[in-house]
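Values in this text are rule-based calculations from the coordinates and carry no lab data. Bear in mind the structure is a predicted one, so any value in this text is a computation, not a measurement. No Cβ is skipped: glycine too gets one built from the backbone with ideal geometry, and neighbour counts run over all protein chains shown.
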Amino acid sequence: EIVLTQSPTTMAASPGEKVTITCRASSSVSYMHWYQQKPGASPKPWIYDTSKLASGVPNRFSGSGSGTSYSLTISSMETEDTATYYCQQWSSNSPITFGSGTKLEIK
Amino acid sequence: EVQLQQSGPELRRPGSSVKLSCKASGYSITDYLMHWVKHRPEHGLEWIGWIDPEDGETKYAQKFQSKATLTADTSSNTAYMQLSSLTSEDTATYFCARFVDWYFDFWGPGTMVTVSS
């Protein structure tokens, strides 16, 4: 099973600040996908295939990475970005796994 | 418009079982795998397994192999998950989610299951 390690676990950012969340895989994966989840709601697809923004996602978000290291970046933090973000992978030689999540708060 | 409608909250006694439903609209469930995911705030998201409603093939995460049973009824465009031998560890919100090109593009609203005596 491929283990995904997200960092940081929690963080707070000021409005306008740049935010980077990382996701490291225990083995190389071809793509990484990201979800945004707010309390009491289902996860929403946010970034798929490593760098493609899901429908409706603001372009201040971006995704990048390859192999075992991936990241989600917010160029300029906004209040509405407060949420928990999860990375997810699927590989033919591993069950689907999620990262443990990064809780992002506004300062 | 694609929608996944899940059944309402459940309260169960330890040792009992529960069957959750996930009714799809806006597409045929036979066209995509349906997955189920467990969420506990302190544990994050856990993948349970998937079903191919077209032929009934299933695959489970190892820790859910004896806990969850996935089925589907193509006539009602509905997927089901039964959880057996419930314990407090099964108290969680359970999501169904459509899987396309290696990620989940649509999620149901979730069903909260509480296991308590």
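Here are the numbers:
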read-out	value
Candidate set from region A:42-100 (those that are outside any strand (DSSP E or B) and among the aliphatic types (A, V, I, L, M)); member that is farthest from A:THR10 (Cα to Cα)	A:ALA54
In region B:2-30, the residues that are in a helix (DSSP H, G or I) and buried (at least 18 other Cβ atoms within 10 Å of the Cβ)	B:ILE29
Of the criteria (1) surrounded by fewer than 18 Cβ atoms within 10 Å (Cβ to Cβ); (2) within 25 Å of A:GLN6 (Cα to Cα); (3) of a type in the set (S, T, N, Q), which one B:THR93 fails	(1)
Filter result (touching a strand residue (DSSP E or B) at 6+ places or on another chain (Cβ under 7 Å), part of a loop (DSSP other than H, G, I, E, B) and among the polar types (S, T, N, Q)) within region A:1-29	A:THR9
B:GLU46 being touching a residue at least 24 places away in the same chain (Cβ under 8 Å) and closer than 23 Å to A:SER92 by Cβ	no
A:SER28, sole failed condition from (1) surrounded by fewer than 19 Cβ atoms within 10 Å (Cβ to Cβ); (2) more than 18 Å from B:PHE95 (Cβ to Cβ); (3) within 13 Å of chain B (Cβ to nearest Cβ); (4) touching a Gly at 6+ places or on another chain (Cβ under 8 Å)	(3)
Residue list for region B:71-85, restricted to those being surrounded by 14 or more Cβ atoms within 10 Å (Cβ to Cβ) and either under 10 Å from the mean Cα position of the chain (by Cα) or not in a strand (DSSP E or B) (or both)	B:THR71, B:ASN77, B:ALA79, B:TYR80, B:MET81, B:LEU83, B:SER84
When residues of region B:31-59 are limited to those that are away from chain A (no Cβ under 14 Å) and in a strand (DSSP E or B), the one surrounded by the fewest Cβ atoms within 10 Å (Cβ to Cβ)	B:GLU57
Residue within region A:4-16 that is without any contact (Cβ under 8 Å) to a residue 24 or more places away in the chain and either touching a Phe, Trp or Tyr at 6+ places or on another chain (Cβ under 9 Å) or at negative phi (or both) present	no
Among the candidates A:THR97, A:THR79, A:THR68, A:THR102, residue that is in contact (Cβ under 8 Å) with a residue 40 or more places away in the chain and under 12 Å from the mean Cα position of the chain (by Cα)	A:THR102
Pairs, first within 18 Å of B:GLN3 (Cα to Cα) and more than 8 Å from chain B (Cβ to nearest Cβ) in region A:33-57, second surrounded by fewer than 18 Cβ atoms within 10 Å (Cβ to Cβ) and not β-branched (Val, Ile, Thr), C-beta under 7 Å, six or more apart	A:TRP46/A:ALA54
Which numbered condition B:ALA68 fails, given (1) closer than 17 Å to B:VAL113 by Cα; (2) exposed (fewer than 14 other Cβ atoms within 10 Å of the Cβ)	(2)
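Matching residues to (1) among the hydroxyl-bearing types (Ser, Thr, Tyr); (2) in contact with an Asp or Glu (Cβ under 8 Å, 6 or more places away or on another chain):
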| position | (1), (2) |
| --- | --- |
| A:PRO45 | no, yes |
| A:THR79 | yes, no |
| A:GLN88 | no, no |
| A:GLY99 | no, no |
